[in-house]
Amino acid sequence: MYERFSQLLLERGLTAYKFSQATGISQSTLSEWKSGKIVPKVDKLQIIADFFCVSVDYLLGDSQVDTNMVFSMNDNSFASQLLLLRKSMNVTQDQLAGLLGFSKSQISNYEQSIREPSFHVLKKFADLFGVSTDFLLGRTELRGPAASPVLGSMALDKTLNKYVTEFEQLNTKLLNNFKGELKEIIQEMLKNKNEGL
C-alpha cells in the first residue's frame with residue numbers, strides 16, 4: 001500500500017515533507033506507515049485519496065485505475081452505506097455479524113456512526129458485499145467489484161427457495177385438479193359400465 005503512495009509522490013514530483021505540510025498528516029505517521037508499524041486509518045486514506053484525486057481502492061492496490069474516478073460529493077457515510085447494503089441484501093445485523101465474526105453490537109455501532117472501521121474491517125465489508133471501499137465510504141456511486149460470493153449465494157438461496165415453494169404450490173394445485181378430473185372420469189366410466197349391463 002505504501003508503494004502506491006510513494007509512486008504517487010514520485011509521479012507528481014512531491015516529497016513526503018510537502019505532502020505532510022499540505023495534508024496535515026505528520027511525517028512520523030508516514031514513516032511508521034512506510035516501515036509497516038501502522039496501517040493508515042480510514043480517514044487518513046480518504047485524505048490521501050482526495051489529495052491525489054485517486055480512489056481508496058487504488059491506494060489499497062485493489063484497482064489499477066488511478067484517475068477518472070467518479071466521485072459523489074453526497075453525505076453518504078460509511079454508516080449509511082453499510083446500512084443500505086445490509087438492508088438491500090435482506091441480511092440482519094446478527095447474520096452480518098456472524099458472517100464477519102463480529103458481534104451484533106459492533107455492526108450496530110458501525111451503522112450508527114458510533115464506531116469507525118479500521119482499514120482491515122473496511123476491506124472485510126467491501127469484500128463481503130462485493131463493492132469498492134470508495135462506495136462503502138460514500139465517495140462514489142460506482143459499486144465496483146463483482147457481487148460477493150457469500151451474499152450472492154444467500155440471495156440465490158432465497159430466490160431458489162421462493163421458486164421451489166411456488167412450484168410445490170402449483171404442483172399441489174395441478175395434482176388436486178388432476179385428481180378431481182380423474183375421479184370424474186372414473187365415475188363416468190363406472191356409470192356407463194353399470195348402464196350397459
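Debye-formula intensities of region 2-60, expressed as log10 I(q)/I(0) at q = 0.13, 0.19, 0.22 Å⁻¹, are -0.27, -0.61, -0.86 (one equal scatterer per alpha-carbon, no solvent).
Decide, for region 78-136, between rounded, prolate and oblate: order the square roots of the alpha carbon gyration tensor eigenvalues as a ≥ b ≥ c, take rounded if a/c falls under 1.5, and otherwise choose prolate if a/b is larger than b/c, else oblate. Rounded is the answer for region 78-136, as its axis ratio a/c remains below 1.5. Take 182-190, 29-37, 41-49, 11-19 and order them by the average number of nearby Cβ atoms within 10 Å per residue, most first; the result is 41-49, 29-37, 11-19, 182-190.
Ordered by the number of other Cβ atoms lying within 10 Å of each residue's own Cβ, fewest first, Val121, Val131, Val39 fall into the sequence Val39, Val121, Val131. Taking 7 Å steps out from each Cα toward its Cβ at Leu170 and Asn109 produces label points 4.9 nm apart.
Values quoted throughout were computed directly from the atomic coordinates according to the rules given, and no laboratory measurement underlies them. Just so we're clear, the structure is a prediction, and the values are computed from it rather than from any experiment. Counting neighbours? That spans all protein chains shown, and the Cβs are built from the backbone with ideal geometry, glycine included.
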